[in-house]
Amino acid sequence: MSSNSAAWLNAAFAPLAVADAPIVPPEPGQIQVRNRAVAINPIDRFKQKMGDALYGWLKYPMILGFDLAGEVVAVGSDVTRFRVGDRVVGHATGMEKVRNKASESAFQLYTNVMAHMASPIPSAMSFETAAVLPLALSTAACGLFGTDQLGLDLPTSDPSDKDQTVLVWGGSTSVGCNAIQLAKAAGYRVVTTASPHNFAYLKELGAAEVHDYHGDDASERVTRALQGHEMAGAVAIGAGSTQACIAVLGATEGNPKMAIATFPIDIDAIPDRPNVWTMMTKMVPKMVVGIGGMWIAAKRNGVRTSTIWGSALMDTDLGRAIYERFLPEALETGRLVAAPPPLVVGHGLGAIQSAFERQKNGVSAAKIVVTL
């Protein structure tokens, strides 16, 4: 087998450095993927920016990354779903506390992936297109279908109309694009928010209505549009989304439950390389104010809240429900498309660090991808 290389984070706050990495044989229940494309999520660069304040169980040197697509090069002893040569997309879980293995993270040439967190992709789908899916898809699925979240019915190939509406606040985000499609595939009507230039795209993904989230009256406008509809709950994504969803759910009929997919504070607003003093004076007060304000508003409006952990489905049957029973057929038939579209910003592991900076600058209805 060819040698492996990875984009290593060798110390807190250090830039990524490309160097050799071991190739570890896949365990039972795993496949080994030769990665051809990886996507960048905010949490990847947040770990680099925040040091041990995030994912503190990881030890240096470490490999980051959740999103990958490529070719299967080896399978674990009990894996029957995949064969060598299969083209797949996978959610890498090496950064999770219960896994905590560099060999299972995405930013390298070869990654071991849990077979139930991977799906074959159509022959016509490019690796860079497929790579946008994993963490965003998993996060949306956890928020919508997790028993500790909204607990909605699972998506199927022929869903029945539930006669209920799901609000996805922040529809043009990666999580939002997937939440819209998953909720529709489960039989729910979807109302979402975005900037006007993304309205048509989100309707193509399945949203029944799209509303402009700009303006102090955004939650009032969405509330008026939802009058007469029974709510199945809301998924809150992006700055200001929690307070907006609380206001809407508190003034509409149905399930007053909100699943939150966004940090309670703006990590990018915190100075780089934060020390204990910075954490205590900048981060902690903002968290207290943000979480406290949300808790008070939720109580006043009778809204129940929960926070989504995007990899939680790997430990439940939800992972298999999405990656084994739903996604392969949905991608093949086009019932779910890889969204948002990839924005390829470079090739090779050495391009991942600059991709972090590009992602920090912001994108709209797109996801940063690096090809390998």
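No value in this document is a laboratory result; all are computed from the given coordinates. Since the model is a prediction, treat every value here as computed from it, not as a measurement. We place every Cβ from the backbone using ideal geometry, glycine too, and count neighbours over all the protein chains shown.
Observations
- Counted as membrane-span-like here are DSSP H helices of the chain whose alpha-carbon atoms extend 24 Å or more along the helix's own axis and whose Kyte-Doolittle mean is 0.0 or above; these are 284-301.
- DSSP bridge pairs, segment 137-307: antiparallel proportion in percent, nearest 5: 0 percent
- Segment 137-307 shape via C-alpha gyration tensor axes, a/c threshold 1.5: prolate
- Listed from fewest to most Cβ neighbours within 10 Å, the set His197, His116 follows the order His197, His116.
- Across Lys47/Lys360; Lys49/Lys203; Lys97/Lys162, pairs whose alpha-carbon gap is larger than 25 Å: Lys49/Lys203; Lys97/Lys162
- Neighbours of Pro15 by Cβ distance under 15 Å: Lys/Arg scored +1, Asp/Glu scored -1, total +3.
- Farthest towards the positive end of the charge dipole of the chain, among the residues Ser157, Gly238, Pro256, is the Cα of Gly238, using unit charges on the Cβ of Lys, Arg, Asp and Glu.
- In this simple spin-label approximation, Ala239 and Ala269 carry label points 7 Å from Cα along the Cα→Cβ vector, and these lie 0.7 nm apart.
- Dipole of the chain computed with +1 at Lys/Arg Cβ and -1 at Asp/Glu Cβ about the Cα centre; of Pro61, Leu336, Val88, farthest Cα towards the positive end is Pro61.
- The local environment of Ala186, defined by Cβ-Cβ distances under 10 Å, has a net charge of +1 under the rule Lys, Arg +1 and Asp, Glu -1.
- Taking amide H atoms as placed 1.01 Å from N in the peptide plane, the amide H of Thr193 lies under 5 Å from those of Val168, Gly170, Gly171, His211, each 5 or more residues away in sequence or on another chain.
- Electrostatic bookkeeping for His91 treats Lys and Arg as +1 and Asp and Glu as -1; over the other residues with beta carbon under 11 Å from its beta carbon, the sum is -3.
- Helix-only mean residue ellipticity at 222 nm for the chain, each DSSP H run of n ≥ 4 adding -39500 (n - 2.57), per residue, nearest 500: -7500 deg cm²/dmol
- Shape category assigned to the chain from the gyration tensor of Cα positions, a/c cut at 1.5: oblate
- Note that segment 311-370, at 4 °C in a medium of 1.567 mPa s, gets a Stokes-Einstein diffusion coefficient of 94 µm²/s from its Kirkwood radius over C-alpha pairs.
- When only alpha carbons are used to place a centre, segment 136-201 and segment 301-367 end up 13 Å from one another.
- Among Lys184, Lys203, sorting on how many other beta-carbon atoms sit within 10 Å of each Cβ, with the fewest leading, yields Lys203, Lys184.
- Residues Lys299, Lys101, Lys49, arranged from fewest to most other Cβ atoms within 10 angstrom of their Cβ, appear as Lys299, Lys101, Lys49.
- In Hz, Karplus ³J(HN,Hα) per residue of segment 5-17 (6.51, -1.76, 1.60; θ = phi - 60°; x = Gly, Pro): 9, 9, 8, 8, 9, 7, 7, 4, 6, 6, x, 5, 10
- Spatial extent of segment 33-185: Rg and Dmax, with the Cα atoms as the point set, Å: 16.4, 50
- Rounded to the nearest 20, the Cβ-based charge dipole of the chain about its Cα centre (Lys and Arg +1, Asp and Glu -1) stands at 620 debye.
- Of the beta bridges in the chain, as assigned by DSSP with both residues counted there, near 55 percent are antiparallel.
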